[in-house]
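Below is one structure, written out as structure tokens, with a few remarks after it.
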Amino acid sequence: MFEKPLSRRTLLQGSLAVGALGLSPLPAFADPQWKKYAGTKLEVLLAKGPRGDNFQKNIKEFTELTGIEVESEQIPEQQQRQKAVIELASGKPSFDVVHISYHVQKRQFEKAGWLADLSGFMKDPNLTASDLVESDFSAAGLKYAKDDKGRMLSLPWSVDYFILYYNKEMFEKKGIAVPKTFDEMVAAAEKLTDPAAGTFGFVGRGLRNANMTLWTNFFLNYGGEFLDAKGDILTDGPEAVEATKLYQKLLTKYAPPGVSGFNWMESMASFTQGRSAMWLDGVGWAPPLEDPSASRIVGKVGYTVVPAGPKGQYSATYGDGIGVAAASKNKEAAYLLCQWAVSKKQGARLLQAGGGVPFRNSILNDQEVRNGVKLPKEWVQSVIDSAKISKLGLPVVIPVAEFRDLVGAGVTATLSGGDPAVELKKAHEQFRPILERSEKS
Amino acid sequence: MPQEPNSTLSNRKAWRVPSYWPFVIPALVVIAGIIIFPWLFTIWMSMHEWKIGAPTTFVGFANYFRLPTDPRFVESVWHTIVYTLLSVILPLIFGTFAATLFHQKFPFRGFLRGLFIMPMMATPVAIALVWTMMFHPQLGVLNYLLSLVGLPAELWVFHPNSVIPSLVMVETWQWTPLIMLIVLGGLSAIPSEPYESARIDGANAWQMFRYITLPLITPFIFVAAMIRMIDAVKSFDIIFAITQGGPGSASETINLYLYSVAFVYYDIGYGSAIAVVFFIIIVLLAAIMLYMRQRMHWNQTGGAA
């Protein structure tokens, strides 16, 4: 996935400028007509989080560059998704630019035709900086951003790989090597679990819906595929059963009690308290783990890729993008803003703060940018290695929420003694008609 | 109004717009706008395959036929019934007990009463967050308390079998004071003579409670039960903030499922169908309780006569 970047020279120029981060207000790339839409006013709907923060913190630079006024608001993820959908469905959204989460909304937004086609803009040198080319985005990013006709409906902003966080101190105490496979991970988890001392080998999301993002790492590495050629969902097959057995084993035998109610937050609490030795979750949690005011294990955290399963090694990948509402009257100006949000400068800041990982290879492969990352080198390495084994972590269908709820409930049920095959079958039978209904309409 | 013998006047009366109409119309408009219209619209939506982002089509009662075949809905009905029953009965018992206790005269009674009704005044979401921490199996105070008396740690809201009782515990803690207030009102209305004569007859405290107090406060308990029932069946905030219907879907009530269908899956048509059925269930429950109350009332007057 991380092939060599295409146009070395322009990228080098770009990286030099990024090295001098923040010193110069001038754009680092061959210039589109930034000022053409000066005076336009844009409204932006953002999901709360490091991307939104990074956007709002530096938005003045965009206004200086273009003369475009930007009003933006950050809303917590769940509510932001609801607001976006309801407003877009009304046909008159209050925003021009919207932050979307690909793994949840891609198919829904495409089918409804809510996003403006950006392909034309990207080819227009008056609108697009020369370093912004499709091939600079990673394959997963392009897969997310393009519809089935190959049109770019959004710009990939930040990718989220699953990685394995581990507590080096606990591993060293028991003399255990970092697991490279699922079998080794289970063996390590067993050795590290000591309920009497209140320490456990593994922690991860057990909460319905949230748990699906963890579970799919197991599913993919057991050789699972979400959909067959006909578009039927395949989460009751042997791969899914094996994956669920592993999930059940790890979360019932080697995880803290109550894990069936854990989302990332509770998992992180257990991990930062030094009560759990391994945690499999999104790559974006490193900053709090390395923050002395939030974590007791600063400097003791190891970062590595998801261990290999019997049928492969993949890191379940999720991501978000930024796009222009089809109903917006200021599409060109809005596109300039999207372009700025995913620009090298903004992407480098995001990466260096650990707030997200840009989809653009030219940012990730830039040594200068990497050197500026404040987090441990191992973290950067795990990001780069994960990019090579990344695979979409959820099926690209409309009823993603139903999928996560139904299969997630089945998977959670195995934590209180449910049989994996039976629970998956049950979830499958509930989900299939929903999927069929959604594709029919 | 006295009848006018004049026939022309009464004829005119027959067709003239009554003079009170201008005063009624604003109220009618408001009722039509905020009660009748939303209801008709909900019913109309429930007859459509209506998903946000997709064209809508009329499907008649298909959404309603989907309900009994949807295991999640059927389960959620059971969860609602169990949750409601428990969170009506427990506060009733504790509330009545607390009321008889606080009806006695003892020092600092007013102050202690005030303390006791504090839970009722707090925001459910804030309460839910505090209880979530208390329920935590490793760090929560509840398991610590259990360990003090030598009991094994519980999983509370993290196990499908104990999640509803645990949530009911929160609900009971919060709403017992309301029952207490209502019953206290009832108690203060009881005259003291029956107790005096009972004492002369040699009745003990339990007999006085069972045969004098309880029958006299029953109407108040009924009102309290009704309010509690309507509240409990619609309970959303506590469940949503603590478990979001989990683990799995073990604490998913109709209300939570309805929220998911309408605002997470954006299936407005099906969600409306659930809302209509849910409304009918609530009306039926309320009707049953009203009927029981009326019968009880009739019995009392009959008995007195």
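The values are calculated or read from the model by the stated rules, or taken from the named source; none is laboratory data. Computed from a predicted structure; not experimentally measured. Note: ideal-geometry Cβ built from the backbone for every residue, glycine included; neighbour counts use all protein chains shown.
Observations on the model:
- Qualifying positions in the range A:302-332 - touching a strand residue (DSSP E or B) at 6+ places or on another chain (Cβ under 6 Å) and part of a helix (DSSP H, G or I): A:331
- Selection status of residue A:397, surrounded by fewer than 24 Cβ atoms within 10 Å (Cβ to Cβ), within 13 Å of chain B (Cβ to nearest Cβ) and aliphatic (A, V, I, L, M): yes
- Residue-level check: of (1) within 12 Å of another protein chain (Cβ to nearest Cβ); (2) surrounded by fewer than 19 Cβ atoms within 10 Å (Cβ to Cβ); (3) without any contact (Cβ under 8 Å) to a residue 24 or more places away in the chain, residue A:377 misses just (1).
- When residues of the range A:85-102 are limited to those that are surrounded by fewer than 24 Cβ atoms within 10 Å (Cβ to Cβ) and touching a strand residue (DSSP E or B) at 6+ places or on another chain (Cβ under 9 Å), the one nearest to the other protein chains (Cβ to nearest Cβ): A:87
- Scanning the range A:124-132 for residues that are of a type outside the set (D, E, K, R), in contact (Cβ under 8 Å) with a residue 60 or more places away in the chain and crowded, with 23+ Cβ neighbours inside 10 Å turns up nothing.
- The range B:168-194, residues that are polar (S, T, N, Q) and more than 15 Å from residue B:101 (Cα to Cα): B:172, B:174, B:192
- Screening residue A:349 on (1) touching a Leu at 6+ places or on another chain (Cβ under 9 Å); (2) of a type in the set (D, E, K, R); (3) part of a loop (DSSP other than H, G, I, E, B) shows it passes everything except condition (3).
- Note on the range A:376-428: among residues that are under 22 Å from the mean Cα position of the chain (by Cα) and among the hydroxyl-bearing types (Ser, Thr, Tyr), the one that is farthest from residue A:314 (Cα to Cα) is A:382.
- Positions within the range B:51-72 being loosely packed, with under 13 Cβ neighbours inside 10 Å, within 10 Å of another protein chain (Cβ to nearest Cβ) and more than 30 Å from residue A:325 (Cβ to Cβ), in sequence order: B:69
- Those helices (runs of 4 or more DSSP H) of the range B:21-128 in which at least 1 residues are touching a residue at least 40 places away in the same chain (Cβ under 8 Å) and among the polar types (S, T, N, Q), considering only elements entirely within it, cover B:37-46, B:62-69, B:71-103.
A quick yes/no check of all residues on (1) of a type in the set (A, V, I, L, M, F, W, C); (2) within 12 Å of another protein chain (Cβ to nearest Cβ); (3) in contact with a Ser or Thr (Cβ under 7 Å, 6 or more places away or on another chain):
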position	(1), (2), (3)
A:270	no, yes, yes
A:274	no, no, no
A:278	yes, no, no
A:294	yes, no, yes
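- Only one of A:211, A:217, A:221 that is within 14 Å of chain B (Cβ to nearest Cβ), on the phi < 0 side of the Ramachandran plot and either crowded, with 16+ Cβ neighbours inside 10 Å or modelled with pLDDT of 95 or more (or both): A:211
- Positions within the range A:377-400 being closer than 16 Å to residue A:358 by Cβ and small (Gly, Ala, Ser), in sequence order: A:382, A:386, A:387, A:390
- Scanning the range A:108-120 for residues that are more than 13 Å from residue A:327 (Cα to Cα), surrounded by fewer than 23 Cβ atoms within 10 Å (Cβ to Cβ) and away from every other protein chain (no Cβ under 12 Å) returns A:119, A:120.
- Listing of helices (runs of 4 or more DSSP H) fully contained in the range B:171-262 that carry 2 or more residues being in contact (Cβ under 8 Å) with a residue 24 or more places away in the chain, in the same structural domain as residue B:79 (by TED's automatic domain parsing) and under 30 Å from residue A:408 (Cβ atoms): B:214-233, B:237-242, B:254-259
- Out of A:78, A:105, sole residue that is under 25 Å from residue A:282 (Cβ atoms), at pLDDT 90 or above and within 13 Å of chain B (Cβ to nearest Cβ): A:105
- Residue count, the range B:28-50 (criterion: within 24 Å of the chain's Cα centre (by Cα) and within 14 Å of another protein chain (Cβ to nearest Cβ)): 0
- Some residue of the range A:400-411 being away from chain B (no Cβ under 13 Å) and either touching a Pro at 6+ places or on another chain (Cβ under 8 Å) or at pLDDT 90 or above (or both): no
- Restricting the range A:156-181 to residues that are of a type in the set (Phe, Trp, Tyr) and either buried (at least 24 other Cβ atoms within 10 Å of the Cβ) or in contact with an Asp or Glu (Cβ under 9 Å, 6 or more places away or on another chain) (or both), the residue that is nearest to residue A:335 (Cα to Cα): A:157
- Considering only residues in the range A:134-155 that are of a type in the set (D, E, K, R) and assigned to a helix (DSSP H, G or I), the one that is surrounded by the most Cβ atoms within 10 Å (Cβ to Cβ) turns out to be A:136.
- In the range A:170-190, the residues that are over 20 Å from residue A:246 (Cα atoms) reach residues that are of a type in the set (Ser, Thr, Tyr) and at pLDDT below 95 with C-beta atoms within less than 8 angstrom, at least six apart or across chains, in these pairs: A:170/A:199.
- Just so you know, in the range B:128-153 the residues that are within 27 Å of residue B:95 (Cβ to Cβ) and in contact with a helix residue (DSSP H, G or I) (Cβ under 6 Å, 6 or more places away or on another chain) include one that is surrounded by the fewest Cβ atoms within 10 Å (Cβ to Cβ), and it is B:141.
- Tally of residues being among the aromatic types (Phe, Trp, Tyr) and closer than 15 Å to residue A:192 by Cα across the range A:250-281: 3
- Some residue of the range A:357-367 being surrounded by 23 or more Cβ atoms within 10 Å (Cβ to Cβ), modelled with pLDDT of 90 or more, under 22 Å from the mean Cα position of the chain (by Cα) and not assigned by TED's automatic domain parsing to the domain that holds residue A:66: no
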